[in-house]
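The values are calculated or read from the model by the stated rules, or taken from the named source; none is laboratory data. Owing to the predicted nature of the structure, the values given are computational and were not obtained by experimental measurement. In this analysis, Cβ positions are derived from the backbone assuming ideal geometry, glycine residues included, and neighbour counts consider all displayed protein chains. When the accessible area is computed, the model is the full protein with side chains, heavy atoms only, and any ligands, DNA or RNA have been set aside. Shrake-Rupley method; radii C 1.70, N 1.55, O 1.52, S 1.80 Å.
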Amino acid sequence: MIERSRWVPVRVVLVFLSLWVVQSRCSASAAAPIKTQVPVLLTLDTFSGAKVLASGIQVYSRKAIIQVEALRDDVVRIRIARDGVLPEDASWAVLPSARGQRVNVIPETSDAAVGFRTRSLRVRIERTTLRLSLADLEGNVLQEDAIGWPVEFHDDVFRVYKQMPANESYFGLGDKVGPLDRRNQAFTLWNTDAYNFQESTDPIYKSIPFFLTMRSGRALGVLLDNTWCSSFDFGKQMDGIYSFGAAGGPVDYYLLYGPEPKRVLESYAWLTGPPPLPPLWSLGYQQSRFSYETEAQLRQVAERLRADRIPADGLYLDIDYQQANRPFTVDSAKFPSFVSMLADLNKAGFHVVGITDLHIADLPDDGYAPYDTGAAGGHFVRNPDGSVFVGKVWPGPSVFPDFTEQSTRQWWGTLYRNFVSDGLAGFWNDMNEPSVFDTPDKTIPDDVQHRIEEPGFRPRVASHREIHNVYGMENSRATYEGLLKISPDQRPFVLTRASYAGGQRYGATWTGDNSATWNHLRLTTPMLENLGLSGFGMSGSDVGGFIGTPSPELLTKWTELATFQPIDRNHSEKGTAQREPWVHGPEQENIRRRYIEERYRLMPYLYTAVEEMSRTGLPVLRPLFLEFPEATADKHPLDLDAGNEFLFGADFLVAPSPFPDKLDNYPVQFPPLDWYDYWTGERMERREGGDKNTGPAAMPVVVHPTPDGVPVYVREGSIVPMQPLIQSTSEIPQGPLLLRVYPGRECKGSLYLDDGKSLAYRHGEFLRMQFTCAVQGNAVKLHIGPHQGSYQPWWSNLQVELYGLDSSLSYTVVSAQADSSTVVMDPAHHKVSVTIPDDGRGSDLEISPRR
């Protein structure tokens, strides 16, 4: 039942009060004072009855309802309504196809509890306390409500409390700052323009209410589908308990079981959608600045990149290309030949991205088409009195589109037609938290009204408090869908700063206005890892730091690390020193060029990983535990011992210094496999420890950091596709496709290729290849699978590089496509090479010592 609670322990009151004040900071209107008295607690704590459902169970506590249903055998949804009426079953995050799915369950009832089981999970609700627990069928408890107060309400504010085992770690919540593991931290989700954010800043740009729990190698995902200001506390306020709640809206959350963490992320992608396959050029090096203010400046940057042979694909135009900072305009004085400039840059292999902030200059009767058409269609958000809300942003007084209306999103999409025709290749939705300069909270006020007119939703008016966290996502959605309508067979590229769960369906993202400091370089990896774990696998950070001027060494080290991140964009603030790769002289430029070149050589591997992400949701940049959840003896995440390390795809271990500004030696922790040094080809076979389940654990290698390098390793059993160096992805590589083979356990690899720009791959116009290898004594057998799909590759030959062989021997190849004369030895890099033709039918070859 829900009843006014009696005396509760003082610490419970203090915990709830502190969390409630956090909620009030986001949810109270600007004019209303924050309340500080102890709130009245309403709890669910009495069992009144239960109803068995085909897909779950519904429990009653007087008027309250607790509904638990299985969408799949490994995905459970919990909805709680205190007034006896479940809220509208609608979601901005969860796909209708997933939300509507159900599986039949087996009811389980006893004197102590009610519940059910699926083929993977067991749900149990205690009759005496209404505590809910989730376990696997072996009895391992995956999550359970806290003892004494599972759920609490105060008016519209609610909070859910869970037991927090001592050995459990927590990951996710998007681009929060700080360590990878969220344990002992607390966070607020309220999209905020967090200029100059630091390690302790919260909240920042995105609100992704999804996290993973990891304990003893088993993973569980938790999605709170609630758009209101929410908060998550992982044991910071109370030992042994974590909690989450919101300032309003529904109690509606999902539990996604692994046990492997990769399985959880695949389920999250099933629930909220994976990122779309991006255009290939967006994986290339991108050069940006706030701002390249004239056409001459932009052309000069492009010419220097090509003259210095620095591969690059993207150039960005920040707000200064616009007329008086007005979105969807071009300053013809600064950019007198805008269309021909874009055409020239495109011919040179550059794709130009233009910023289009969502605020529309408030210019009635001025001939400003975005305002005129938006006003005519009633597409701007309104104050409670019906007047259009006006706030100051870059153009001055501005109005804001009402993106919760489908018709508004459709109108917004039409604004891109001229820019697409002009030749802009991608679009950048910034300032969409939304940021407003002249309001107390620096955003749209709480009482501004949005009209929800959206398929799957009941038409109604909602306050900005409810819509704030999804506003940026719906902005990027409007852009993405509008571009698809303009060019139905071309992949859009949209970069968004603010978003919500599910926003990965519409846009890539970055970590916002970071700083040019060594600490911000160090913070980048856990931020990108947690973004990837939260659905946003297409992400990056401003290389070199947006705010301030980096030292030459900092910019070089950041450039090295960004080689192995999904988006590689160099961007800087107005007033800082120039940030292009050549600015600090030939020595630094040469190092930066070498790493950018390596990214382009690795493009087939990177594109294959991105295509996998578009199907499964698995990010490119991964924490170690995602591939190796049982890498340690007690199965705690290995990342807790080596937080600076990360995986680039499934096969590369990147191990920068944990303190990149220092030259102190540091250990590289290896998951329990053999590893190869990517730069030298040397096999790292030193081992210690391990057990029969995980195998021997690799001994840490002590590394001495250098300014011109970052340690990179390749796991045994990898087959890595690479290509000859190109200057942009528009260029066709000249020469054979390179397959680097690193023999070992479960030796395999794959390649995906298509035209890199259209949606023709959805109709079979792609190329997919699979590779395997096996070691037999000193010989290695390699199987190259046949081509799948109709897309024709750019190569006619394959160059196979085989690592880890005894370089003191000479080798021969047995193959229908090659003979021994094609074998090339390279003892310095511990490899032998052979080149064979590729006719698409597949082939087998064996490389073995000469007898």
How much length is gained on full extension from A296 to K442, taking 0.36 nm per residue of separation minus their Cα-Cα distance?
49.1 nm
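For the pairs K262/K781; K206/K392; K206/K442; K347/K757, flag any whose C-alpha to C-alpha distance is greater than 19 Å. Can you show the working numbers first?
Values: K262/K781 30 Å; K206/K392 22 Å; K206/K442 15 Å; K347/K757 16 Å.
Those over the limit are K262/K781; K206/K392.
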What's the magnitude of the charge dipole for the range 401-496 around its Cα centre, counting Lys and Arg as +1 and Asp and Glu as -1 at the beta-carbon? Answer in Debye, nearest 20.
320 debye
Computed accessible area, R79, all protein chains, 1.4 angstrom probe, square angstrom
20 Å²
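So between E682 and N383, what do we pick up on full extension, going 0.36 nm a residue minus the alpha carbon distance? Write out the running numbers ahead of the final one.
Working: separation 299, 0.36 × 299 = 107.64 nm, distance 6.59 nm.
Computed gain between E682 and N383 is 101.1 nm.
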Here the range 547-555 yields Karplus 3J(HN,Hα) values (6.51, -1.76, 1.60; θ = phi - 60°; whole Hz; Gly and Pro given as x) of 9, x, 10, x, 5, x, 5, 5, 4
Could you tell me the calculated FRET efficiency between I732 and M825, based on Cβ-Cβ distance and R0 = 35 angstrom, to the nearest 0.05?
0.70
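For a distance above 21 Å, tell me the whole-number percent of Cα pairs in the range 51-120 that qualify.
Values: 673 of 2415 pairs.
Roughly 28 percent, rounded to a whole number.
Give, rounded to the nearest 20 debye, the magnitude of the charge dipole that the range 605-754 has about its Cα centre when Lys and Arg contribute +1 at Cβ and Asp and Glu contribute -1 at Cβ. Intermediate values should be presented prior to the final figure.
Values: 12 positive and 22 negative charges, 54 e Å.
The dipole of the range 605-754 has a size of about 260 debye.
Please identify every one of the trypsin sites (Lys or Arg not before Pro) in the range 294-346 that sits in a loop by DSSP and has no more than 13 other beta carbons within 10 Å of its own beta carbon. List each step's numbers first, then the result.
On the way: sites: R299, R304, R306, R309, K334; in loops: R309, K334.
Passing both the DSSP loop test and the Cβ count: R309.
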The long-range amide H neighbours of W428, using H built 1.01 Å from N in the peptide plane and a cut-off of under 5 Å, are G354, I355, T356, L495
So, with +1 on the Cβ of K and R and -1 on the Cβ of D and E, and no other charges, what is the size of the charge dipole of the chain about its Cα centre, to the nearest 20 debye?
1560 debye
Going toward the positive end of the dipole of the chain, with +1 on Lys and Arg Cβ and -1 on Asp and Glu Cβ, which of N167, G349, Q504 do you reach last?
N167
Quick one: longest stretch of the chain between exposed loop GluC sites (Glu not before Pro), exposed meaning at most 15 other C-beta atoms within 10 Å and loop per DSSP?
200-681
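Sorting T549, T439 by accessible area (1.4 Å probe), largest first, what list results?
Numbers: T549 75, T439 20 Å².
Greatest to least solvent exposure: T549, T439.
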5 Å is the cut-off here: which amide hydrogens, built 1.01 Å from N in the peptide plane, fall below it relative to R740, excluding neighbours closer than 5 in sequence?
V720, M722, E801
Two-site label geometry, A81 and D365: point separation in nm, points 7 Å out along Cα→Cβ:
5.0 nm
Estimated vicinal HN-Hα couplings, Hz - the range 380-397 in sequence order (Karplus 6.51, -1.76, 1.60; Gly, Pro = x)
10, 5, 10, 6, x, 7, x, 6, 6, 6, 10, x, 8, 9, 4, x, x, x
Could you report the chain's accessible area per residue, 1.4 Å probe, as an integer in Å²?
36 Å²
Can you tell me which of 112-118, 337-343 comes out highest on packing, and rank the rest after it, using the mean Cβ neighbours within 10 Å?
112-118, 337-343
Could you tell me which of V823, M538, F427 has its Cα farthest along the dipole of the chain towards the positive end, charges placed at Cβ (Lys, Arg +1; Asp, Glu -1), taken about the Cα centre?
M538
Using 1/(1 + (r/R0)^6) with R0 = 56 angstrom and r between the beta carbons of Q237 and R851, what's the FRET efficiency to the nearest 0.05?
0.20
What are the ³J(HN,Hα) couplings of the range 118-129, residue after residue, when phi is run through the Karplus curve with 6.51, -1.76, 1.60 and θ = phi - 60°? Round to Hz, x for glycine and proline.
10, 6, 10, 9, 10, 10, 9, 10, 5, 5, 7, 10
Rounded percent of accessible protein surface that carbon and sulfur make up, the range 502-553, 1.4 Å probe
58 percent
Selection from L277, Q799, L358, by position along the positive dipole direction of the chain (Cβ):
L277
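How many percent of the accessible area of the range 607-740 is carbon or sulfur, using a 1.4 Å probe? Mind dumping the intermediate values first?
On the way: 2490 of 4850 Å².
Percent of accessible area from carbon and sulfur atoms in the range 607-740: 51.
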Tell me which residues come under 5 Å, amide H to amide H, from G248 once H is placed; ignore anything under 5 positions away on its chain.
F158
How fast does the chain diffuse by Stokes-Einstein, in µm²/s, taking the Kirkwood radius from C-alpha pairs at 10 °C and 1.306 mPa s?
56 µm²/s
